[in-house]
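Structure first, commentary second.
The values are calculated or read from the model by the stated rules, or taken from the named source; none is laboratory data. As the structure is a prediction and not an experimental result, all values here were calculated from the model. Please note: Cβ atoms are built from the backbone with ideal geometry, for glycine as well, and neighbour counts cover all protein chains shown.
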């Protein structure tokens with residue numbers, strides 16, 4: 001199916017009483033898209049109630065019918081023009097719009113913003129535009145409706161267009177066209193009207209045909225979201241939905257966050273067709289040639305184009321309920337078939353969605369109708385994509401007490417290459433003791449606590465002090481010190497950039513295994529490169545381990561003044577080459593979970609800061625049984 005032949009999805013949004021429903025009803029009528037007799041039926045119902053007929057009632061009737069038929073998506077209404085087919089996504093208000101758009105019930109290719117000529121640009125007019133931008137919907141037209149209530153005034157139309165274009169430009173949006181119309185009377189909806197002869201642009205329907213088809217989901221990288229597992233006879237069927245891309249028998253899939261691979265042996269479709277290929281939108285079951293552990297929430301992809309695994313994300317979050325989103329409180333984050341606990345790490349920026357006024361002042365909560373640029377921490381690994389790349393894996397909702405309270409879009413995630421060849425004869429062996437069972441025995445979860453900082457910053461000293469503190473609390477813990485590791489496991493590695501990368505990779509794998517056994521593995525390494533630390537995080541998450549990055553921050557001059565091993569002195573004398581901070585770079589973390597400042601904090605104060613951020617993350621997950 002070509003892009004041109006696919007229905008183009010449009011969301012209609014507008015302030016209450018600006019005529020959005022009337023405009024939709026008029027479009028359906030004027031394109032002969034209504035069931036036969038529908039208009040007469042609604043007119044009779046209006047007459048019986050002593051009400052004047054309005055096209056908005058047609059839409060209400062259609063939606064009410066769809067609610068009675070569970071096989072029809074209640075958000076979608078279809079019509080067509082001479083150029084193409086369309087699907088209208090009706091959005092009763094910004095709360096419902098956000099819920100539908102972000103949960104993936106609907107994904108719009110374009111939008112129609114409706115503004116009443118007699119009332120002008122209102123708060124919701126601005127809020128809806130901001131929401132469209134947040135969701136990455138860049139194609140839009142603006143219909144200035146109810147021109148009959150403004151005497152079809154060209155001046156009034158131009159005032160609204162000038163004001164709203166300026167507002168859209170502040171968001172980085174640009175409307176394809178502004179269209180004056182009167183949906184109630186049909187002026188300039190399906191065809192041009194003499195009442196707006198001063199308007200040189202298209203009618204509403206002609207403007208819709210200016211929209212360009214978007215990239216089809218099937219053309220995006222594969223994302224197969226696992227919903228459940230079933231056993232039939234000897235077969236183990238993994239059921240789910242292909243959100244994007246295509247999947248064929250024989251494809252090698254990587255399942256995230258476990259990072260385990262196997263080939264597709266068969267595709268089991270519910271209609272029994274048993275095709276050798278499945279496409280975006282298909283709900284299917286698959287069997288694998290090699291049995292690996294997979295569960296609900298896993299995401300399968302091709303190895304050449306994998307998603308991001310993270311337990312810390314950057315997101316723009318729109319909050320829609322009266323109770324604020326608060327730092328320090330746990331919420332449920334739902335993304336595709338994944339559901340994990342999350343909490344706010346930091347609120348970096350807050351913007352009022354209608355005025356666009358923003359603040360970077362330190363905040364502890366996000367209020368209703370505010371958009372926050374947040375850093376969120378999840379209690380277990382999350383499989384994501386940046387929203388601008390794959391929207392369906394880049395948007396989520398925040399749930400509290402089974403109520404959708406907000407939604408967000410993910411940005412700034414870094415993709416890494418997972419195509420390193422592995423032997424086909426090596427398989428990950430699943431242990432019989434679960435992480436939950438180990439946590440129940442020890443009273444805490446396994447984790448990797450990754451110290452990073454310049455030589456002399458105090459990493460080893462603080463790591464050992466933290467180890468003593470955790471041990472005194474009865475916890476299983478061990479420090480992997482950089483010097484100790486280089487005495488044995490990594491004794492064959494030097495300090496070239498390549499050897500540094502391999503040094504960190506090996507340590508990451510050891511720490512993952514220790515965390516898998518239920519130990520709190522504390523690492524103390526300079527680990528100067530962000531990419532290496534990011535990979536260490538991914539390796540830990542592959543083993544479903546908590547990863548906590550601790551930045552031991554001290555200025556270079558302070559570290560050099562301490563110089564406990566005389567390494568800076570030797571580096572300055574040219575006796576040591578490629579020494580971090582002198583002739584090799586150190587890339588400080590951009591968003592470490594915990595930061596301690598050892599130039600102004602004692603060892604005990606640093607440990608206290610770390611414990612405050614670490615201990616809540618080590619608490620065992622509550623059992624679902």
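Data overview
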read-out: Single unsatisfied condition, residue 620 versus (1) in contact with a helix residue (DSSP H, G or I) (Cβ under 6 Å, 6 or more places away or on another chain); (2) assigned to a helix (DSSP H, G or I); (3) under 30 Å from residue 376 (Cα atoms); value: (2)
read-out: The one condition in (1) modelled with pLDDT of 90 or more; (2) touching a helix residue (DSSP H, G or I) at 6+ places or on another chain (Cβ under 6 Å) that residue 171 fails to fulfil; value: (1)
read-out: Some residue of the stretch 420-436 being over 30 Å from residue 390 (Cα atoms) and either modelled with pLDDT of 80 or more or not in a loop (DSSP other than H, G, I, E, B) (or both); value: yes
read-out: Condition met for residue 55 (crowded, with 22+ Cβ neighbours inside 10 Å, modelled with pLDDT under 80 and in contact with a strand residue (DSSP E or B) (Cβ under 9 Å, 6 or more places away or on another chain)); value: no
read-out: Tally of residues being under 16 Å from residue 345 (Cα atoms) and touching a residue at least 60 places away in the same chain (Cβ under 8 Å) across the stretch 589-604; value: 6
read-out: Residue count for the stretch 508-532, restricted to those that are touching a strand residue (DSSP E or B) at 6+ places or on another chain (Cβ under 6 Å), under 24 Å from residue 579 (Cβ atoms) and part of a helix (DSSP H, G or I); value: 0
read-out: Qualifying residue in the stretch 541-553 (condition: in contact with a helix residue (DSSP H, G or I) (Cβ under 8 Å, 6 or more places away or on another chain) and assigned to a helix (DSSP H, G or I)); value: yes
read-out: Some residue of the stretch 296-311 being over 20 Å from residue 415 (Cβ atoms) and more than 17 Å from the chain's Cα centre (by Cα); value: yes
read-out: Count - residues of the stretch 569-593 that are outside any loop (DSSP other than H, G, I, E, B) and either closer than 15 Å to residue 457 by Cα or outside the structural domain of residue 462 (by TED's automatic domain parsing) (or both); value: 1
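Rundown of residues vs (1) under 25 Å from residue 29 (Cβ atoms); (2) buried (at least 20 other Cβ atoms within 10 Å of the Cβ), yes/no style:
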residue	(1), (2)
148	yes, no
180	yes, yes
198	no, no
238	no, yes
246	no, no
